[in-house]
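The values are calculated or read from the model by the stated rules, or taken from the named source; none is laboratory data. Not measured: the values here are computed from a predicted model. Cβ coordinates were reconstructed from backbone atoms using ideal geometry, including for glycine residues, and neighbour counts include every protein chain displayed. Each accessible area value is taken on the protein alone, full model and side chains, heavy atoms only, with ligands, DNA and RNA left out. Shrake-Rupley method; radii C 1.70, N 1.55, O 1.52, S 1.80 Å.
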Amino acid sequence: MLIYDELTTAERALWDSFPGGRWVDLRTGVPEEDDPAAGADWGADRTVRAEVVAALLLGGGTERPGGVASLRLAGARITGRLGLAGGEIRHLLWLKGCRLEQAVSLHAAATRTVRITASRLPGVDAGLARVEGHLDLTGSVVETGRLSLINAQVTGELLLNGVRISAAGRWAVFAGGLAMGGGVYCREGFTTRGGVRLVGAHLPGGLFLQGARLESPHGEALVADGATASVMNMSDGFRATGTLRLRGARIPDLLTLDGATLDGGGTALSGVGMQVGTFDFGLAAKPAGAVDLQDATVTALHDRGRNWPDEVRLDGFVYGSLRSEGAPRREDVAHRLAWLRRNPGYAPQPYEQLAACYRQAGHDDDARRVLLAKQRHRRTTLNAPGRVWGRLLDAAVGYGYRPWLAALWTIALCLLGSLVFSTRAPVQTKDGEGAPFNALVYTADLLFPVGDFGQRSAWHWTDATQWLAYLLIAVGWLLTTTVVAGVSRTLNRN
């Protein structure tokens, strides 16, 4: 038990100021002397034992009528472990510019607002804690430890602006299952040595990482699998050295990487199965690693023309609209086709999805270009006979997506047939019956399988010219079928 008469001068000042919630400021006013990095050298006049702080917060201090008890301490060296695990803390705790020699434990505690700002400490364990208010570590430095918020509940905001965390292990922030009432703010110089883990976190107020820098030597800079956040803002100079993993995340409003840099090797961004409202992929530079968007769903995708990596996994990726910054629509189609070719191997779904997007926007010509590119890509996966046949279909009618080519071929073959047939004498099928021979009409009769101009049945050949007639009949069926298919697609637009 603490005895008041045995407290130091600094501890008595803290004890006396607690009932009225007054500040105890032990700083000298000289920035170099007040820097918590040099706090290990602070003397007894600036030293407070952690057990004194704990005793006040856990009911050891007296309250005064008309006052709001709270603990406010600035510029102190706090020795020992501040152990508040499992406690019920009914008062504000605010440590400013302090140096804590051991990690703070709020594990499974029920507390009001906790602020440890511009301070230096080995770590914070607030797993399973219930914070009725804000958890504020603005401007603090966490050395060798981590911030643990496993399954914690914070009704207010989590403020980590300007915080620097250098973890000895894999994770700098370990917050799986975190349930927030407000936003999570990690801006203005927030840096980590170690990953940020937010698996299954519930962040209705959003996650804001503008300008933050996450460096993970273990390969995963941010893991938010299954997390729910209204907004994830990783823009304005955000940099991640390691993978961003958002598998199955649900972000109904905005996921933005505008002006961000992804330095993760292997996979820079894994968004498999995520669901996003607006996805702004406006990176500052092309990432070295792959982007995996398989089975993801996005309402609107915004990007810049040259910021996709060499490998983009798109199979199953569904989106409602596309917008490429600064590119005319015609160039945008070429850019999108090059984008699809970054998907490893051949998959039909990315082409079908892009074509559906263009059709929905009323750009049927662009949709046909995409589907033609799909057939050409598919051709590369076929055996030799299939590739030869595919090239013939492509050259003849563009796989049916360019039916006007059939008209050109028909005109050319009519001219060829007319020239060949006019230099030779055919044999009349039945003497004295049928119309007089006309080379042009005869050729047209061979090329058009529907209808009968009376020439094909009235005349035939006995020499090698008959093989040309057979060829024209076969080509006529192919061209006619393709034209009918093309017209049907035009009249039955999705």
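Search the range 283-297 for residues that are closer than 11 Å to A268 by Cβ and modelled with pLDDT of 95 or more and pair each with any residue that is in a loop (DSSP other than H, G, I, E, B) and of a type in the set (V, I, T) when their beta-carbon atoms are under 6 Å apart and the residues are at least 6 apart or on different chains.
D292/V272
Here is a check on your reading of the model: is T47 more than 40 Å from the chain's Cα centre (by Cα) and hydroxyl-bearing (S, T, Y)?
yes
Of the residues that make up the range 471-486, is at least one over 60 Å from the mean Cα position of the chain (by Cα), more than 30 Å from H363 (Cβ to Cβ) and either at pLDDT 75 or above or not charged (D, E, K, R) (or both)?
No, the range 471-486 contains no residue that is over 60 Å from the mean Cα position of the chain (by Cα), more than 30 Å from H363 (Cβ to Cβ) and either at pLDDT 75 or above or not charged (D, E, K, R) (or both).
Six or more apart or on different chains, Cβ atoms under 7 Å: show the pairs whose first residue is in the range 456-473 and under 19 Å from Q428 (Cβ atoms) and open to solvent by less than 20 Å² (accessible area, probe 1.4 Å) and whose second is of a type in the set (A, V, I, L, M, F, W, C) and in a helix (DSSP H, G or I).
Close Cβ pairs (under 7 Å, with a partner that is of a type in the set (A, V, I, L, M, F, W, C) and in a helix (DSSP H, G or I)) amount to W461/A469; T465/V420; A469/L446.
Which ones in the range 145-198 are outside any strand (DSSP E or B), buried (at least 24 other Cβ atoms within 10 Å of the Cβ) and not hydrophobic (A, V, I, L, M, F, W, C)?
Listed by number, the list holds a single entry, R146.
Inside the range 1-65, counting only helices (runs of 4 or more DSSP H) that do not spill past its ends, which hold 1 or more residues that are in contact with a strand residue (DSSP E or B) (Cβ under 6 Å, 6 or more places away or on another chain) and open to solvent by 20 Å² or more (accessible area, probe 1.4 Å)? Before the answer, list the steps.
Working: elements: 9-17, 31-34, 50-55.
Because the criterion is at least 1 residues that are in contact with a strand residue (DSSP E or B) (Cβ under 6 Å, 6 or more places away or on another chain) and open to solvent by 20 Å² or more (accessible area, probe 1.4 Å), the helices (runs of 4 or more DSSP H) in the range 1-65 that meet it are 9-17.
Would you please name the residue that is farthest from N161 (Cα to Cα), looking only at residues in the range 117-144 that are small (G, A, S) and either crowded, with 24+ Cβ neighbours inside 10 Å or modelled with pLDDT under 95 (or both)?
In this case the residue turns out to be A129.
Can you confirm whether the range 224-234 contains a residue that is of a type in the set (D, E), surrounded by fewer than 24 Cβ atoms within 10 Å (Cβ to Cβ), over 17 Å from A285 (Cα atoms) and without any contact (Cβ under 8 Å) to a residue 40 or more places away in the chain?
For the range 224-234, residues of a type in the set (D, E), surrounded by fewer than 24 Cβ atoms within 10 Å (Cβ to Cβ), over 17 Å from A285 (Cα atoms) and without any contact (Cβ under 8 Å) to a residue 40 or more places away in the chain: present.
Please note which strands (runs of 3 or more DSSP E) are completely contained in the range 249-330 and include at least 2 residues that are open to solvent by 10 Å² or more (accessible area, probe 1.4 Å) and more than 22 Å from P344 (Cα to Cα).
Fully inside the range 249-330 and qualifying: 250-256, 275-281, 297-304, 318-325.
Is there a residue in the range 334-348 that is of a type in the set (A, V, I, L, M, F, W, C) and within 16 Å of the chain's Cα centre (by Cα)?
Checking the range 334-348: at least one residue is of a type in the set (A, V, I, L, M, F, W, C) and within 16 Å of the chain's Cα centre (by Cα).
Within the range 336-369, which residues are more than 14 Å from Y319 (Cβ to Cβ), surrounded by fewer than 17 Cβ atoms within 10 Å (Cβ to Cβ) and among the aliphatic types (A, V, I, L, M)?
Residue satisfying the conditions is A338 alone.
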